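The values are calculated or read from the model by the stated rules, or taken from the named source; none is laboratory data. Here the structure is a predicted model, which is why all the values come from computation and not from measurement. Note: ideal-geometry Cβ built from the backbone for every residue, glycine included; neighbour counts use all protein chains shown. Remember, those area values only see protein heavy atoms, side chains included, never the ligands or the DNA or RNA. Shrake-Rupley method; radii C 1.70, N 1.55, O 1.52, S 1.80 Å.
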Amino acid sequence: MSDFKWMEGMAPEQGKSVLRKKAEAGRPVADGAVMSAERAISSGLAKVAQDMLTLPLRVTALEETRRSLADLPETLEDLSLLALIEGPSEALGLIALPPATLQALIEMQTMGRLSKTPPGPRKPTRIDAAMAVDFIDSLLASIETSLIEDDAISWAGGFRYASYLDDPRPLGLLLEDVTFRVWTVQFVLGESGEREGAFLWAVPQKGRGAHLKRDPSVACAGDEAGAHKTLAALLVPPWEEQIERTVMSTPAELTAVLHRMTLPLSAVLNFKPGMELPLPADSLEQITLEAQGRRKLSFARLGQSRGNRALRLTGAERAAPDHEAPDDTLSVGASPFEASGLPEAPLGGLGDPMNTAYDDDASVDLDALGGFGAADDLPDLGGFAPLPEAETATDDLPPLKIGSGF
C-alpha cells in the first residue's frame, strides 16, 4: 500500500517533468536561462569554432556600441578582412575579422592546427574571403537560430555573406547612412588560450527582420526538422523581390554615338589609317546615348573628369542651326566624298551598283576616338558640375582620324 502511495505521489511530478522537457526541447538554452544577444553571440562563436574548425574558443570580452556611418571605419583594426553582409529588405551590415583571427581560421582549415609562431599581418585577399565565407554564414545562422523567438531577431536575423572589401574607404558609399549596432568581441583560441582573436559585427540599429520571429506558443517543440524548414522558408525573400533583384542585376549595354553619316560602301572599304572624317562642329555637344536596337535614351556632351573620358547627360536635343542639314548625311545632291575630300575608289569588278550610297549607316562611337586625342584634351566636366559655355566650345573641332580604334 505504501508503495502504491509513493508511486501515486510521484506520478504528477514525473508527468510534469516530461511535459516540461517536451516544452523546452526546442529552446536553444538547455538550462532555461533567457537567451540574450550577448549569449547568442558568445555561444555562436564557440559552437562554430568547435564544430567547423575543432578549435576551442572562449570569449573574454563583449561590448555593444552605437556608431554612425562616419564613425564606423574608426572601429576597424588595420588589415582586417571586411565582409559585407546582406539582410532583409536589402539591409547591409559588416563583419570584420582582424589579422590574428583570419590567420587562425586559415591555419585550422589548411593545416588542422595552430602554428607555434603566429604569422605576421598581411593584407587579406579574395582567397582569404572565400575561405571565411562558411565560417561567417554559420556564425550568423547560429546567432539567428538562438534569437528566433526574441525581439532581437528583427536586427540580428536574415544576414548572410554578400561580398568583401580590401579597403574600408568605400564603406561610406556602400552602406546606408544610419546608426549601426556594433558588437566587438575579444576571445582566446586553443586549449590553453595560446592565441588571441577578435571579431566585429555591425548591423543597422533599426532592424527589418521582425517577420522572422517565431512564436513559441505555436512552434512544434518536438519537430526540429519542421522548425528548420519553417526558418528556411522565412529567410527566402518573396518572389517579387527575387524577380526584381534578378532583373535589376541584368547587364544593360549602352552605346555613346558621336555622329552618324552615310557613305558609299566602296569608300568604307578603302578606309586607311590617317584618313580623316569631318564631323559637325557640335558633335561633342550632341552625343546620343543609345540602348540595344538604337533606341535613344538621352543626349549628352563629351568631356573629361579626373583624367577619364566622361559624358554629361543633357536630356533633350538642341535645335540644329539653319546652316546645318536637317538629317545626318554629309550633303544633299552631291557625293559625300566630294564634300569630305576623301577619294571615291571603285571596287573593281563588282560593277556600278556597289558604288551607290550604302543604305546602312556607318556609326562613329566613342571607341573610335583613338586619333581624337587624350582625355586631357577634352573639356573638363569637373565632377559633373556646370561649366561655362566657353569651356565646351567646339567650333574648331579637328576631324576624326581613322586609326586602330575604328
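For segment 77-183, trypsin sites (Lys or Arg not before Pro) are listed when DSSP marks them as loop and at most 13 other Cβ atoms sit within 10 Å of their Cβ; the list is Arg113, Lys116, Arg122.
Once you have the Kirkwood Rh of segment 103-224 from its Cα pairs, apply Stokes-Einstein at 25 °C and 0.890 mPa s and quote D in µm²/s.
Details: Rh = 17.2 Å.
In µm²/s, the coefficient rounds to 143.
Of the accessible area of segment 246-294, computed with a 1.4 Å probe over protein heavy atoms only, carbon and sulfur atoms account for 58 percent.
Think of segment 95-201 as having a plus end and a minus end, set by charges on the Cβ of Lys, Arg, Asp and Glu; of Leu171, Ser142, Ala156, Leu171 sits farthest toward the positive end of this dipole.
Per-residue Karplus couplings for segment 283-294, computed as 6.51 cos²θ - 1.76 cosθ + 1.60 with θ equal to phi - 60°, are listed in order as 4, 6, 8, 10, 6, 9, 9, 10, 9, 4, x, 6 Hz, Gly and Pro entered as x.
Computing the accessible area with a 1.4 Å probe over protein heavy atoms, can you report the carbon and sulfur percentage for segment 47-193? Spell out each step's value before the answer.
Values: 3450 of 6980 Å².
Its accessible area is 49 percent carbon and sulfur atoms.
Rounded to the nearest 20, the size of the Cβ-charge dipole of segment 45-195 about its Cα centre is 580 debye, with Lys and Arg at +1 and Asp and Glu at -1.
The figure for Lys272 is an accessible area of roughly 130 square angstrom, using a 1.4 Å probe on the protein chains alone.
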